[in-house]
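A quick write-up on the structure given underneath.
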Amino acid sequence: MAVSKDVKSIGILGFGAFGRLVAEYLHPHFQITVSDPQISPGQHQEYDIQVGSPEDVAKADLVILAVPIEVLALSIQEIRPHLRPGTIVADVTSVKVEPVKVMKELLPADVEIVGTHPLFGPQSSFDGISDRKIAICPVWGKSARRIAAFLRHVLKLKVYITSPEEHDKEAAVVQGITHLIAKVLVRMEPLPTRLTTLSFDRMIHATDMVRDDSESVFLAIERENPYSAEMRQRFFKIAEQLRSELETG
């Protein structure tokens with residue numbers, strides 16, 4: 001099942017941990033070209049895909065921007081002159097309001113835009129991605145629902161169609177608080193490993209799933225999400241209230 005009748009090739013700009021995960025699951029279905037300054041052009045044997053330039057990536061039917069949010073604008077400017085009318089451009093950043101705004105401002109009006117956020121990563125996909133969740137934010141064009149159908153029926157993902165604002169409001173809690181607690185627990189290490197409870201073990205497991213995320217991912221979640229600051233303030237306020245209650249009896 002193809003995304004649409006016209007999509008036969010996919011270009012991935014950025015071949016870090018998540019770009020590799022994308023290539024792993026999409027290369028059986030599409031012709032894949034990737035570009036990343038850290039890898040040399042040529043044939044990438046691991047996934048049998050082509051490594052090329054940003055211009056090569058831009059020529060694909062669907063272009064996936066798998067780059068950190070801080071270089072998203074620069075990456076778009078790099079590929080913009082080479083995009084063809086009707087090309088679908090999608091990002092995979094952890095926040096949606098600001099990246100969607102950047103894409104609308106910088107991409108030509110004759111391309112289609114879809115914001116996406118796979119709610120999983122390499123650490124949480126060790127046993128596959130079936131039943132993992134992904135958020136889809138339609139922006140320009142009609143490709144979002146076709147992409148959603150492919151992800152749902154072929155890759156077996158749980159797909160949620162939402163707006164950038166709705167996504168970021170929920171992500172401020174789901175990701176913002178999770179990463180915040182994980183950072184605290186990591187800095188408290190070493191932690192007990194012997195006389196532990198099941199709830200503690202699961203909390204450590206949740207921490208381990210995000211501990212290797214890059215600093216840019218953490219900062220994007222905490223600083224680029226317009227709703228994260230308010231959620232952090234609420235979290236710290238409640239934590240301070242609990243500390244005060246415990247100390248004053």
_Given (1) out of contact with any Ser or Thr (no Cβ under 9 Å at 6 or more places or on another chain); (2) surrounded by fewer than 21 Cβ atoms within 10 Å (Cβ to Cβ); (3) at pLDDT 90 or above, index of the condition VAL51 fails_ = (1)
*Just for the stretch 73-95: of the residues that are of a type in the set (Gly, Ala, Ser) and surrounded by fewer than 20 Cβ atoms within 10 Å (Cβ to Cβ), which one is farthest from TYR227 (Cα to Cα)?*
GLY86
*Scan the stretch 132-158 residue by residue and report those that are touching a residue at least 60 places away in the same chain (Cβ under 8 Å) and farther than 10 Å from THR116 by Cβ.*
SER143, ARG146, ALA149, PHE150, HIS153, VAL154, LEU155
*Within the stretch 127-159, can you find the residues that are in contact with a helix residue (DSSP H, G or I) (Cβ under 9 Å, 6 or more places away or on another chain) and basic (Lys, Arg)?*
ARG132, LYS158
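Let's see how each residue does on (1) out of contact with any helix residue (DSSP H, G or I) (no Cβ under 7 Å at 6 or more places or on another chain); (2) at pLDDT below 95:
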site	(1), (2)
GLU46	yes, yes
GLU55	no, no
GLU78	no, no
PRO99	no, no
PRO108	no, no
VAL111	yes, no
GLY115	no, no
GLY121	no, yes
SER125	no, yes
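Each row is one residue, and each column tells you yes or no for (1) modelled with pLDDT under 95; (2) of a type in the set (Val, Ile, Thr); (3) in the same structural domain as SER124 (by TED's automatic domain parsing); (4) surrounded by fewer than 21 Cβ atoms within 10 Å (Cβ to Cβ).
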residue: ALA23; (1), (2), (3), (4): no, no, yes, no
residue: PRO37; (1), (2), (3), (4): yes, no, yes, yes
residue: SER40; (1), (2), (3), (4): yes, no, yes, yes
residue: VAL71; (1), (2), (3), (4): no, yes, yes, yes
*Quick one: would you say LEU13 is touching a strand residue (DSSP E or B) at 6+ places or on another chain (Cβ under 9 Å), at pLDDT 95 or above, of a type in the set (A, V, I, L, M) and outside the structural domain of PHE218 (by TED's automatic domain parsing)?*
yes
_Taking the condition of being within 17 Å of VAL111 (Cβ to Cβ) and either under 21 Å from the mean Cα position of the chain (by Cα) or outside the structural domain of GLU112 (by TED's automatic domain parsing) (or both), how many residues in the stretch 42-65 meet it?_
9
_Anything in the stretch 22-43 that is of a type in the set (A, V, I, L, M) and assigned to a strand (DSSP E or B)? List them, or say none._
ILE32, VAL34
*What number of residues in the stretch 221-234 are buried (at least 16 other Cβ atoms within 10 Å of the Cβ) and either in a helix (DSSP H, G or I) or in the same structural domain as PRO99 (by TED's automatic domain parsing) (or both)?*
5
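The values are calculated or read from the model by the stated rules, or taken from the named source; none is laboratory data. Since the model is a prediction, treat every value here as computed from it, not as a measurement. Here the Cβ is made from the backbone with ideal geometry for all residues, glycine too, and neighbour counts use every protein chain on show.
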